[in-house]
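Student: Structure incoming, see below.
The numbers here are math on the coordinates, done by the rules we state, and not lab data. In this text the structure is predicted, and so the values were computed from the model without any measurement. Here the Cβ positions follow ideal geometry from the backbone for every residue, glycine too, while neighbour counts run over all protein chains shown.
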Amino acid sequence: MPKVIIIGNGAREHVIAETLKNSTSNLDLFILGEAKNPGLFSLASEYKIGKTTDLEVIREFSTRIQPDFVIPGPEAPIDAGAVDLLLEMGIPSIAPIKTVARLESSKSFTRDLLQKYGIQGNPKFRVFFGNQGLESYLKNELAEQFVIKADGLQGGKGVKVVGDHLKNIEEGLNYAKECLNKDGRVVVEEKLLGQEFSLMSFTDGTTILDMIPVQDHKRAYVNDQGPNTGGMGSYSDANHLLPFLTPQDLAMANEITIQVSKALHKETKTPFKGIIYGGFIATKNGIKLIEYNARFGDPEAMNVLPLLKTNFIEICQALIKGELSGLKLEFKKQASVCKYVVPQGYPDNPTKNEKIELKSMPENAKAYFASIDQRADGLYLMGSRAIALVGFGNSLPEAEQVAQKAALSIKGPVFFREDIGTEKLIKQKIKALQELRA
Ligand code: AMP
Ligand code: GLY
């Protein structure tokens, strides 16, 4: 009986667990999570509550369980060295070791890698180690269209974009100086205009097998307004493209990932084994790279994994053995829309410790639990994104209506973005890119 440990306790880990369970009738599943996620709990043989970045906790649990492999859900355990530790113990993971995962954890590393190996996709950028030349770079080189990025894992909060989070050069300089004081360096880059999308791929270091492209929505409120969040929802289309994306765009993103994977192997002398997840942007001048992650996206995993037709555990086993070239990756030809129900006040001032209720789900909908604590008398909000509701259908409007109905069935002090996946919002996105490219 295969034994697997999943590290993490969000909706992404819930869908990973469900997909694994559906791929074999005799899986022994173990969870290391920081709170009791009811969805994961119902699937697990054992659920250990512990800090997911604590290597001693991971060592003790894995020594006792002796899993065939481990799937770390979030980036933090990978960056803490969980994969390296497990490898020393002879236990493989569906994630790369720490030096390879710098592709996610260091923005300067990734920009420099693309530049060094002549890979297309970088915006204009420069890594600064001091103030000198900074002001002139923002003003003259970037013509005041800039993005300032703290270098390192910041949970999506280290990036500030002019026009969104920064009003002018002065605010840009102040934030850049803050980053310099903290990290000794800062990444400054050209602000790109276009439509963002995520393309996640399974890789064993040699073969890259792309999943379906997905579009996430970072802003908290309707019409892409308000503060940035971990992602309020996402969609994928039945034809395995996105409504604004051409097959050439997708091929270009795939090519960047292939080149980056090769360059990374050369640079680190180690193959990237796991999920390589590119955050791309379709611009006037083709596809550019925003960032890479070394794990499944959240919410993107909830769009893609339920549509996977190829056996997930066989993919994991082939990935570990370096035999992905022998697999064909197939997905159902359905559209998916995910809407995250979040506490009122999220992300800045979220309601916590309030009870919510989950009514029955409509047909073709799934609910994946995230920042929810299961207590004796019910489900409680813990302050971050609470439940991901996903609708599936033959078209985007069909999937959207299912997701909408599912999200409306959650009762409590919560809200969600009603516009995600709607025809109106998608049309706006198509139009915006068409205008840029005209
Ligand atoms: P990251 O953490 O690198 O994914 O950045 C977070 C968000 O900042 C992205 O999803 C984009 O919306 C935005 N962003 C990052 N880099 C750029 C860029 N060069 N131009 C425009 N927006 C960007
Ligand atoms: N969807 C954004 C992330 O997983 O980082």
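Student: Among the lysines, which fall within straight-line cross-link reach of LYS328, defined as a Cα-Cα distance under 16 Å, with same-chain neighbours fewer than 8 residues apart omitted?
Tutor: Filter leaves LYS309.
Student: Within the chain, which DSSP H helices have Cα atoms that stretch 30 Å or more along the helix axis and a mean Kyte-Doolittle hydropathy of at least 0.0? Please list the in-between numbers first.
Tutor: Working: long enough: 247-268 (31 Å, -0.35).
The answer is none, since no helix passes both cut-offs.
Student: OK, next. Among the aspartates and glutamates, select those whose C-alpha is under 13 Å from the C-alpha of LYS321, and discard any that sit fewer than 8 residues away in the same chain.
Tutor: List returned: ASP68, ASP204.
Student: Going by Cα centres, the stretch 50-95 and the stretch 400-420 are how many Å apart?
Tutor: If you average the Cα positions of each part, the centres end up 35 Å apart.
Student: Once you put a point 7 Å from the Cα of THR99 and another 7 Å from the Cα of LYS157, both along the Cβ direction, what distance in nm separates them?
Tutor: Taking the simple label geometry, THR99 and LYS157 are separated by 3.2 nm.
Student: At MET361 and ILE49, where each label point lies 7 Å from the Cα along Cα→Cβ, what is the point-to-point distance in nanometres?
Tutor: 2.5 nm
Student: Continuing with the same structure: Which FRET efficiency value, to the nearest 0.05, is calculated for LYS182 and SER395 with the Förster distance at 56 angstrom and r the Cβ-Cβ distance? Could you put the intermediate results ahead of the total?
Tutor: Numbers: r = 47 Å, r/R0 = 0.84.
FRET efficiency, LYS182 to SER395: 0.75.
Student: Right, next: Using alpha carbons only, how many angstrom separate the centre of the stretch 261-303 from the centre of the stretch 153-214?
Tutor: Their Cα centres are 13 Å away from one another.
Student: Within 10 Å of each candidate Cβ there may be at most 12 other Cβ atoms; applying that plus a DSSP loop requirement, which trypsin sites (Lys or Arg not before Pro) in the stretch 158-215 survive?
Tutor: The qualifying sites are LYS167.
Student: Past 26 Å, Cα to Cα: identify those pairs from LYS332/LYS355; LYS98/LYS339; LYS51/LYS157; LYS51/LYS116; LYS21/LYS266; LYS218/LYS429, in the order given.
Tutor: Exceeds cut-off: LYS332/LYS355; LYS98/LYS339; LYS51/LYS116; LYS21/LYS266.
Student: Can I ask one more? Ranked by Cβ crowding within 10 angstrom, fewest neighbours first, how are TYR340, TYR292, TYR221 ordered? Write out the running numbers ahead of the final one.
Tutor: Working: TYR340 32, TYR292 26, TYR221 14.
Ranking TYR340, TYR292, TYR221 by Cβ neighbours within 10 Å, fewest first, gives TYR221, TYR292, TYR340.
Student: Also, quick follow-up: Lys and Arg at +1, Asp and Glu at -1: add these up for the other residues within a Cβ distance under 11 Å of LEU173 and post the number. Kindly include the intermediate steps, with their values, before the conclusion.
Tutor: On the way: positive: LYS139, LYS177; negative: GLU135, GLU170, GLU171, GLU178.
Computed value for this residue: -2.
Student: Once you sort the root eigenvalues of the Cα gyration tensor of the stretch 114-190 as a ≥ b ≥ c, which label holds: rounded (a/c under 1.5), prolate (a/b larger than b/c) or oblate (the other case)? Please report the intermediate quantities before stating the final value.
Tutor: Numbers: a/c = 1.37, a/b = 1.16, b/c = 1.17.
Rounded.
Student: Based on DSSP H runs of at least 4 residues, each adding -39500 (n - 2.57), what is the mean residue ellipticity at 222 nm of the chain after dividing by all its residues, to the nearest 500 deg cm²/dmol?
Tutor: Values: 13 runs with 137 residues, N = 438.
Result for the chain, helices only: -9500 deg cm²/dmol.
Student: Within a Cβ distance under 13 Å of GLY90, other residues only, what is the Lys/Arg minus Asp/Glu net charge?
Tutor: Details: positive: ARG59; negative: ASP68, ASP84, GLU88.
Here the charged neighbours net out to -2.
Student: Quick one: which of 357-366, 229-238 comes out on top by average Cβ neighbours within 10 Å, and what's the full order, highest first?
Tutor: Numbers: 357-366: 15.0, 229-238: 25.2.
By packing density, highest mean first, the sequence is 229-238, 357-366.
Student: May I pose another question? How much of the DSSP bridge set in the chain is antiparallel, in percent, rounded to the nearest 5? Intermediate results must be reported in sequence, preceding the final value.
Tutor: Values: 62 of 77 bridges.
Restricted to the chain, the bridges split so that about 80 percent are antiparallel.
Student: Next question. Please give me the summed charge of the neighbours of PRO343: other residues whose Cβ is under 10 Å from its Cβ, Lys and Arg +1, Asp and Glu -1.
Tutor: +1
Student: Would you work out if the stretch 286-438 is rounded, prolate or oblate? Take a ≥ b ≥ c from the square roots of the eigenvalues of the alpha-carbon gyration tensor; rounded if a/c is under 1.5, else prolate when a/b is larger than b/c, oblate otherwise.
Tutor: Details: a/c = 1.69, a/b = 1.25, b/c = 1.35.
In terms of gyration-tensor shape, oblate.
Student: Additional query: At ASN168 and GLU418, where each label point lies 7 Å from the Cα along Cα→Cβ, what is the point-to-point distance in nanometres?
Tutor: 3.8 nm
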